[in-house]
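The values are calculated or read from the model by the stated rules, or taken from the named source; none is laboratory data. Please read these numbers as outputs of a predicted model, since none were measured by experiment. When we count neighbours, we look across all protein chains shown, and the Cβ atoms used for this are built from the backbone with ideal geometry, even at glycine.
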Amino acid sequence: MNEIEKLVRENIRSLSPYSTARDEYQGTPGVFLDANESPYPGALGLNRYPDPRQKALKARVSALKGLPVANIFLGNGSDEAIDLMYRIFCTPGKDNALVIAPSYGMYTVAAGINDIQLRSIPLGPDFSLPEAAIREATDAYTKLLFLCSPNNPSGNAFDPAQLERLIAGFPGIVVLDEAYADFSAKGSLRARVCQYRNLVVLQTFSKAFGMAGIRLGMAFADAYVIELMNRVKYPYNISQPAQDAAWKALGSTPEEEVAEIVRERERLADRLPAFPFVHKVWPSDANFLLVRVDDADALYGFLLEQGIIVRNRSRVKGCEGCLRITVGTPAENEKLLTSLADYEKSHLR
Ligand code: PMP
């Protein structure tokens with residue numbers, strides 16, 4: 001048994017996956033009497049089950065991301081891949097997982113759903129990566145380490161060399177969530193999955209690609225880990241409309257939109273500190289800014305009244321007094337700035 005196999009839950013290692021009718025069928029289309037579908041296309045033409053392995057779409061993702069299909073998993077958002085990590089590697093009541101804090105909430109929620117002990121390691125000053133504390137928190141039952149870079153909600157991307165050092169020295173699986181990597185000059189470590197068998201890189205079409213509505217996430221990993229993910233996922237986890245829409249959209253990368261969001265992020269980061277109630281704007285490598293203000297609840301409520309919804313993170317440990325503001329279109333950002341100026345005026349009165 002190799003080092004990765006040893007990390008896998010016993011019941012998953014020996015699992016016989018559900019074999020779909022379409023898994024068994026190879027060859028040119030004929031008369032489909034195998035899957036108990038309706039033979040009638042109906043109003044939507046969606047009477048057939050979708051490809052359970054998403055071959056056509058994965059070929060496009062492979063070309064786009066420069067990795068072989070065998071190293072790619074597609075999920076119902078990257079949230080599906082997060083949940084699968086616990087289900088594949090962690091035995092309830094026995095194993096544990098590590099998360100940095102503050103970070104994306106679903107790592108914690110998925111641990112709770114799967115009844116897995118979670119060890120939360122606070123980020124250092126200015127949200128730096130707590131390398132030594134991560135090593136100290138690791139024991140023989142630590143199966144997963146979730147790292148998010150750029151990190152949500154702090155916005156900073158970690159130094160790739162530091163990340164690689166952690167991955168190389170970690171005895172379990174490192175899940176590196178790169179949902180916001182397209183907005184960062186630090187780039188992606190996805191090519192490193194060929195080098196580190198314990199690395200799983202998550203990306204998504206929900207952010208830079210502007211397709212949050214279709215729910216499509218990616219995981220890049222060693223072919224054995226991908227095979228495990230395919231074994232555990234629901235058979236038809238990506239719907240036909242989602243596969244079709246993504247296949248069409250992936251012909252081009254949204255470079256112009258991403259460049260505009262990055263420009264707007266910098267413009268907001270320049271303008272926001274001028275407001276007297278803004279104490280700190282953290283540098284961001286993502287499409288949002290974490291902003292510490294005088295009274296986060298009051299400002300959140302004011303913006304809501306103006307029809308502007310931001311994320312109130314003030315009750316998250318490490319983010320006290322903070323709002324997380326997503327970068328919008330130039331017009332939306334202008335509306336935000338105007339509303340902030342109104343808030344300032346109403347507070348001077
Ligand atoms: N990872 C991070 C860091 C996120 O912030 C989010 C969503 N906000 C996700 C993953 C989930 O992405 P998806 O839409 O692909 O499920």
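Given the structure, is LEU74 surrounded by 21 or more Cβ atoms within 10 Å (Cβ to Cβ), in contact (Cβ under 8 Å) with a residue 40 or more places away in the chain and of a type in the set (A, V, I, L, M)?
yes
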Would you call ALA269 among the hydrophobic types (A, V, I, L, M, F, W, C) and surrounded by fewer than 20 Cβ atoms within 10 Å (Cβ to Cβ)? yes
Of the residues in the stretch 244-261 that are within 19 Å of the chain's Cα centre (by Cα) and of a type outside the set (Gly, Ala, Ser), the one that is farthest from SER78 (Cα to Cα) is ILE261
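Can you report the number of residues in the stretch 1-19 which are assigned to a helix (DSSP H, G or I) and loosely packed, with under 14 Cβ neighbours inside 10 Å? Spell out how you get there, then give the answer.
Step one: filter the stretch 1-19 for residues assigned to a helix (DSSP H, G or I), giving 3-7, 10-13.
Narrowing further to those that are loosely packed, with under 14 Cβ neighbours inside 10 Å: 3, 5-6, 10-11.
The qualifying residues number 5.
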Given (1) touching a residue at least 12 places away in the same chain (Cβ under 8 Å); (2) of a type in the set (Ser, Thr, Tyr); (3) farther than 27 Å from LYS207 by Cα, where does SER38 come up short, assuming only one miss? (1)
Unique match (being within 30 Å of LEU7 (Cβ to Cβ), at pLDDT 95 or above and away from the ligand (no atom under 16 Å from the Cβ)) among TYR224, TYR234: TYR224
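Mind telling me which of the residues PRO52, PRO150 ends up being within 16 Å of the ligand (Cβ to nearest atom) and buried (at least 16 other Cβ atoms within 10 Å of the Cβ)?
On the way: PRO52 fails: within 16 Å of the ligand (Cβ to nearest atom).
Answer to the check: PRO150.
Given the criterion in contact with a helix residue (DSSP H, G or I) (Cβ under 9 Å, 6 or more places away or on another chain) and without any contact (Cβ under 8 Å) to a residue 12 or more places away in the chain, identify the matching residue among GLY112, GLY124.
On the way: GLY112 fails: in contact with a helix residue (DSSP H, G or I) (Cβ under 9 Å, 6 or more places away or on another chain).
When all the criteria are applied, what remains is GLY124.
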Subset of the stretch 99-113 [among the polar types (S, T, N, Q) and under 10 Å from ASP177 (Cβ atoms)]: SER103
Among the residues of the stretch 170-200, the number that are within 11 Å of the chain's Cα centre (by Cα) and free of Cβ contacts under 8 Å to residues at least 60 places away in the same chain is 3
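Would you check if GLY210 is touching a Lys or Arg at 6+ places or on another chain (Cβ under 8 Å), surrounded by fewer than 19 Cβ atoms within 10 Å (Cβ to Cβ) and either touching a residue at least 24 places away in the same chain (Cβ under 8 Å) or not assigned by TED's automatic domain parsing to the domain that holds ASN237 (or both)? I'd like the intermediate steps shown before the answer.
Working: touching a Lys or Arg at 6+ places or on another chain (Cβ under 8 Å): no; surrounded by fewer than 19 Cβ atoms within 10 Å (Cβ to Cβ): yes; either touching a residue at least 24 places away in the same chain (Cβ under 8 Å) or not assigned by TED's automatic domain parsing to the domain that holds ASN237 (or both): yes.
Here the answer is no, as GLY210 does not meet what is asked.
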Yes or no: the stretch 76-96 includes at least one residue that is under 19 Å from ARG324 (Cβ atoms), modelled with pLDDT of 95 or more, in the same structural domain as ILE12 (by TED's automatic domain parsing) and away from the ligand (no atom under 12 Å from the Cβ). no
Scan of the stretch 172-221 for residues that are basic (Lys, Arg) and either over 23 Å from TYR141 (Cα atoms) or within 13 Å of the ligand (Cβ to nearest atom) (or both), ordered by number: LYS186, ARG190, ARG192, LYS207, ARG215
Quick test for you: out of ARG53, ARG60, pick the one residue that is closer than 30 Å to ASP182 by Cα, part of a loop (DSSP other than H, G, I, E, B) and of a type in the set (D, E, K, R). ARG53
